[in-house]
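Asker: Quick one: the structure is below, questions incoming.
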Amino acid sequence: MDSDAIYTDENGKPFEIDMEGIETDNPLAIFPTIGTAVSQLAERGVSGPVRLLLVDAVYGSETYPINIVSIPGASATNTISLKPQTGVLPVISANVDQMFVLNGADYFVFDGSNTTGGTTRDLTVRDSSTGGIPITLINGATNNVIKYCKIESGNTSTSEGSIHIGTGPA
């Protein structure tokens, strides 16, 4: 499959919000990049839990950083999860300063297991830059979860790591 992400509800049932903002009966939304899917969520908001399922093995052609802002409707009940599709072992890789920036975003979940409720570590987020930070949480980003992921960084800084948590721009 050539696409990167599928919207599904918490029970795995796909749904669609078409690109013009008109809800349709077609239950599937496929986006060319993770960044596009996140941008659509920020623009349209959510009214229930959303899973962005990674269906490809390699993700290397994103435009970075992927800036995840506050998503209208996100809550403890209406979480947004980025996770692999069943059986997929995706690698999201780049050589940049920042890959994912949760900029005031709340209730975003990086769930690396490719099974529902699983604990396997199937998702790899890799930034090979010597100053790179794969995941950054800033500007009050709260109630976010990073679980069952392999977070890899070429970062050689003695003051930074693979995950940066701060109060302002990283």
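Asker: Hey, does the range 142-156 have a residue that's within 23 Å of Ala42 (Cα to Cα) and at pLDDT below 95?
Answerer: Of the residues in the range 142-156, the ones within 23 Å of Ala42 (Cα to Cα) are 142-147.
If we keep only those that are at pLDDT below 95 as well, we get none.
No.
Asker: For residues in the range 156-166 being more than 21 Å from Leu82 (Cβ to Cβ) and not small (Gly, Ala, Ser), which is surrounded by the most Cβ atoms within 10 Å (Cβ to Cβ)?
Answerer: My answer is Glu160.
Asker: Within the range 70-82, track down each residue that is farther than 19 Å from Asp111 by Cβ and open to solvent by 50 Å² or more (accessible area, probe 1.4 Å).
Answerer: Matches in the range 70-82: Ser70, Pro72.
Asker: Another question about this same structure. Using beta carbons and a limit of 8 Å, which pairs, at least six apart or on different chains, have the first residue in the range 34-56 and more than 12 Å from Asn67 (Cα to Cα) and the second one acidic (Asp, Glu) and crowded, with 17+ Cβ neighbours inside 10 Å?
Answerer: Cβ pairs passing all conditions: Leu54/Asp4; Val55/Asp4; Asp56/Asp4.
Asker: Now for a separate question. Out of the strands (runs of 3 or more DSSP E) lying entirely within the range 37-88, which hold 2 or more residues that are over 17 Å from Asn144 (Cα atoms)?
Answerer: 50-54
Asker: Working only within the range 124-137, note down all residues that are in a strand (DSSP E or B) and touching an Asp or Glu at 6+ places or on another chain (Cβ under 8 Å). Walk me through it before giving the result.
Answerer: The first filter runs over the range 124-137 and keeps only residues in a strand (DSSP E or B), leaving 124-127, 133-137.
Correct list: Thr124, Val125, Arg126, Asp127, Ile133, Pro134.
Asker: Using the structure shown, decide if Leu89 is under 26 Å from Ala74 (Cα atoms) and at pLDDT 95 or above.
Answerer: Taking the combined requirement at face value, the residue does not satisfy it.
Asker: Does the range 96-123 hold any residues that are open to solvent by 10 Å² or more (accessible area, probe 1.4 Å), part of a loop (DSSP other than H, G, I, E, B) and more than 13 Å from Val69 (Cα to Cα), and which are they?
Answerer: Val96, Asp97, Asn114, Thr115, Thr116, Gly117, Gly118, Thr119, Thr120, Arg121, Asp122
The values are calculated or read from the model by the stated rules, or taken from the named source; none is laboratory data. Because the structure is predicted, anything quoted here is derived from the model rather than measured. Cβ: placed from backbone, ideal geometry, glycine included. Neighbour counts: every protein chain shown. The area values use the complete protein model at the heavy-atom level, side chains included, leaving out ligands, DNA and RNA. Shrake-Rupley method; radii C 1.70, N 1.55, O 1.52, S 1.80 Å.
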